[in-house]
1. Under the rule of at least 5 residues apart or a separate chain, name every residue whose amide H is placed under 5 Å from the amide H of A:GLN17.
2. Which residue, B:LEU72, B:LEU59, B:LEU92, has the most motion in a Gaussian network model of chain B that connects Cα atoms within less than 10 Å?
3. Tell me, how many Å apart are the Cα centres for region A:1-70 and for region B:45-111?
4. Of all DSSP beta bridges located in the protein assembly as shown, what percent are antiparallel, nearest 5?
5. Would you mind telling me the antiparallel percentage of the DSSP bridges in chain A, rounded to 5?
6. From the phi of every residue in region B:74-88, what ³J(HN,Hα) in whole Hz does the Karplus formula 6.51 cos²θ - 1.76 cosθ + 1.60 yield, where θ is phi - 60° and glycine or proline is x?
7. Provide the FRET efficiency to the nearest 0.05 for the A:LYS57-B:SER26 pair, computing r from the beta carbons and using R0 = 30 Å.
8. Taking square-rooted eigenvalues a ≥ b ≥ c of the alpha carbon gyration tensor, is the protein assembly as shown rounded, prolate or oblate, where a/c under 1.5 means rounded and, failing that, a/b exceeding b/c means prolate?
Amino acid sequence: KAGVTQTPRYLIKTRGQQVTLSCSPISGHRSVSWYQQTPGQGLQFLFEYFSETQRNKGNFPGRFSGRQFSNSRSEMNVSTLELGDSALYLCASSWTNWVVGEQFFGPGTRLTVL
Amino acid sequence: KNEVEQSPQNLTAQEGEFITINCSYSVGISALHWLQQHPGGGIVSLFMLSSGKKKHGRLIATINIQEKHSSLHITASHPRDSAVYICAVRPLIQGAQKLVFGQGTRLTINP
């Protein structure tokens with residue numbers, strides 16, 4: 001069974017631009033969570049999607065948004081990029097969200113904002 | 001104060017040594033995860049615990065719910081164990097499916 005895939009793996013953008021990152025969960029998994037990892041703040045929860053609905057959101061500004069499609073693939077979008085948005089963005093999938101389950105992480109997308 | 005605190009932040013040891021990484025948390029939880037992150041960023045889930053103890057190969061994870069504390073042990077450590085180990089908890093709040101992470105412990109095992 002293929003693991004969680006994320007595209008692109010690396011991305012360079014400039015301030016003010018917007019970016020869209022993609023995550024394909026493990027087949028059969030319906031929950032996708034997104035995380036941001038920076039040297040200063042460590043790993044932080046962005047949001048979680050289940051069955052195309054956002055179920056939970058972390059403390060990030062509205063510039064960060066996401067969505068999930070009917071095939072469980074998810075995208076996250078960051079608009080009006082700032083230098084501080086440079087980070088490793090990780091997504092993780094699990095088969096459900098109503099019981100505690102193991103999360104499987106993708107390799108991440110490393111975003112650099114210049 | 002962070003909801004999840006790990007210690008030590010950095011740990012260097014010789015091959016073969018017994019390693020212990022500690023995690024303390026301040027909120028009620030439904031589960032605790034131990035994660036391993038190698039250079040390059042990929043994260044692997046090692047354990048998910050809600051009580052007691054789990055063992056996988058040379059890795060052992062324990063949790064004490066009353067004391068809000070968990071430990072990750074590595075027996076017969078090897079240079080390939082060098083990585084960042086991250087403790088993450090799932091807060092016991094209705095609808096909370098998010099993970100709250102510790103800052104990580106950077107482990108270096110020298111041959």
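Readers should treat all values here as calculations from the given coordinates under stated rules, not as data from a laboratory. None of the values given here were measured: they were computed from a predicted structure. Please note: Cβ atoms are built from the backbone with ideal geometry, for glycine as well, and neighbour counts cover all protein chains shown.
1. Amide H neighbours of A:GLN17: A:LEU81.
2. Highest fluctuation of the listed residues: B:LEU92.
3. Spelled out, the Cα-based centre of one part sits 23 Å from the other.
4. Just about 90 percent of them are antiparallel.
5. Percent antiparallel among DSSP bridges in chain A is about 90.
6. Those phi angles translate into 10, 8, 6, 4, 9, x, 5, 7, 4, 5, 9, 10, 10, 9, 9 Hz.
7. After rounding, the FRET efficiency stands at 0.85.
8. Prolate shape, in that a/c is at least 1.5 and a/b is the bigger ratio.
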